[in-house]
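For reference, the structure is listed below as structure tokens.
The values are calculated or read from the model by the stated rules, or taken from the named source; none is laboratory data. None of these values were measured; they are calculated from a predicted model. A quick note on method: Cβ atoms are made from the backbone with ideal geometry, for glycine too, and the neighbour counts reach across all protein chains shown. The area values use the complete protein model at the heavy-atom level, side chains included, leaving out ligands, DNA and RNA. Shrake-Rupley method; radii C 1.70, N 1.55, O 1.52, S 1.80 Å.
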Amino acid sequence: MLSAVPETLARLAPRDWEHALALGRLHLVAGRWHGRLEAAGLLSTLPPRVRNQLWSEQLLAAERTRMVRFETDRIAHALSASGMPLVL
């Protein structure tokens, strides 16, 4: 699995990144790759175009997470008066 192994991502040839990014976006994991590659010290080994795309994917993932947390909080608040246990 590409998202679990930063070393696998770092070994991709430049020509393979377009396909890898498309798959990562499709499966909603591309947003994690920037952080994993950075933590492994491998981000600087990637072409600048790929690094920029991964940074954008990370920003999108963070925004999606923020939006879901906000909506979950709103749902919990709206249902809090019902007295029923809330499971989200």
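Need the failing condition index for W33 against (1) among the aromatic types (F, W, Y); (2) more than 12 Å from the chain's Cα centre (by Cα); (3) surrounded by 12 or more Cβ atoms within 10 Å (Cβ to Cβ), just the number.
Failed condition: (2).
What pairs come up if the first residue lies in the range 49-70 and is farther than 15 Å from L26 by Cα, the second is open to solvent by less than 100 Å² (accessible area, probe 1.4 Å), and their beta carbons are under 6 Å apart, counting only those six or more places apart or on different chains?
V50/W17; W55/H34
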